[in-house]
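Remarks on the structure that follows.
Each value in this text was obtained by applying a stated rule to the coordinates, not by laboratory testing. Values in this document were obtained by computation on a predicted structure and should not be read as measured data. Cβ atoms come from the backbone with ideal geometry, glycine included; neighbour counts cover every protein chain shown.
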């Protein structure tokens, strides 16, 4: 499948700021099942844009702009060819040994409630693949998808206790539960092509768990499935903060407003 993406992000400041720095993980890499046909990242700001790899091997651009800055517009666009790999991810940049992804973070801490959920849901199962699938299916019924319930600072235990969240929260709870059961797991940020929803509000997030004999396998708790040819993988980390598409700071007494325009469509849809 050929998928076309246009992702525009606009920062507006109530009062001009003296400077701003943004870390952008918006450029996907190729791997088995994902070929980058074309991709570009542009800004209309008078800014320096430096490309490098972060410690996970994600492609990261750092944007520096000196003020006064009132507005910055970023645009990424491209076309990717994908194939269904039955949820298995191979051929990616790997910078850390697998056990590294057993580490908990503040956002993926397994509190007593999540530990009990993991053990009740999958503790009786001996196969790690069955355990990961069981957690994914149970999460879909345990949490209600709600875009107003959480924000980027919400931890897994908070979203789990509230019973609401977005794909980021489903992923954090999965990571907390899987790691508690001894399954290495990591956060993935990217995009999801939805044939009936070309215009979307945001990108997507899911998890990858390492299964002996298979390697890294994807699990999307928000949709109770593994990744298919409709998924575009961009960045990984221990949690959202390490794989966030856009993350930064500014210097000045102002309020920042973030606007997003995102379209994801197949090449066939675009031609039609």
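For the reader, a short list of remarks on this structure follows.
- R0 of 41 Å, Cβ-Cβ distance residue 161-residue 247: FRET efficiency to nearest 0.05: 0.95
- Between the alpha-carbon centres of the stretch 123-172 and the stretch 208-231 there is a gap of 14 Å.
- Bridge type composition, the stretch 118-210 - antiparallel percent by DSSP, nearest 5: 75 percent
- Residues in the stretch 61-105 that a label on residue 32 would reach, taking backbone N under 11 Å of a point 7 Å out along Cα→Cβ: 85-92
- Taking every C-alpha pair closer than 8 Å and separated by at least 6 residues, the mean separation divided by the residue count of the stretch 86-243 gives a relative contact order of 30 percent.
- Computed log₁₀ I(q)/I(0) - Debye formula, equal Cα scatterers, no solvent, the chain, q 0.11, 0.13 Å⁻¹: -0.62, -0.87
- Between the helical axis of 112-122 and the longest alpha-carbon principal axis of the chain there is an angle of about 60 degrees.
- For the chain, the 222 nm mean residue ellipticity estimated from helices alone, with every DSSP H stretch of n ≥ 4 adding -39500 (n - 2.57) and the total spread over all residues, rounds to -6000 deg cm²/dmol.
- Peptides 153-160, 138-145, 55-62 ranked from most to least packed, by the mean per-residue count of other Cβ atoms within 10 Å: 153-160, 55-62, 138-145.
- Between 0 and 90°, nearest 10: helix 167-180 axis offset from the chain longest Cα axis: 40 degrees
- Length released on extending from residue 255 to residue 40, taking residue separation times 0.36 nm less the Cα-Cα span: 74.5 nm
- Förster radius 22 Å - calculated FRET efficiency between residue 202 and residue 79, Cβ distance, rounded to 0.05: 0.60
- For the chain, the longest principal axis of the Cα atoms and the long axis of helix 128-142 meet at an angle of about 70 degrees.
- On the basis of the beta-carbon distance and an R0 of 45 Å, residue 66 and residue 224 show a calculated FRET efficiency of 0.45.
- Sequence ranges 208-217, 234-243, ranked by mean other-Cβ count within 10 angstrom, highest first: 234-243, 208-217
- Seen from every direction in turn and averaged, the convex hull around the alpha carbons of the stretch 56-125 projects onto 9.7 nm².
- Length gained on full extension, residue 153 to residue 194, computed as 0.36 nm times the residue gap minus the Cα-Cα distance: 12.1 nm.
- Convex hull per residue volume in Å³, alpha carbons only, for the stretch 132-272: 134 Å³
- Stretch gain in nm, segment residue 100-residue 14, where the contour uses 0.36 nm per residue and the Cα spacing is subtracted: 26.8 nm
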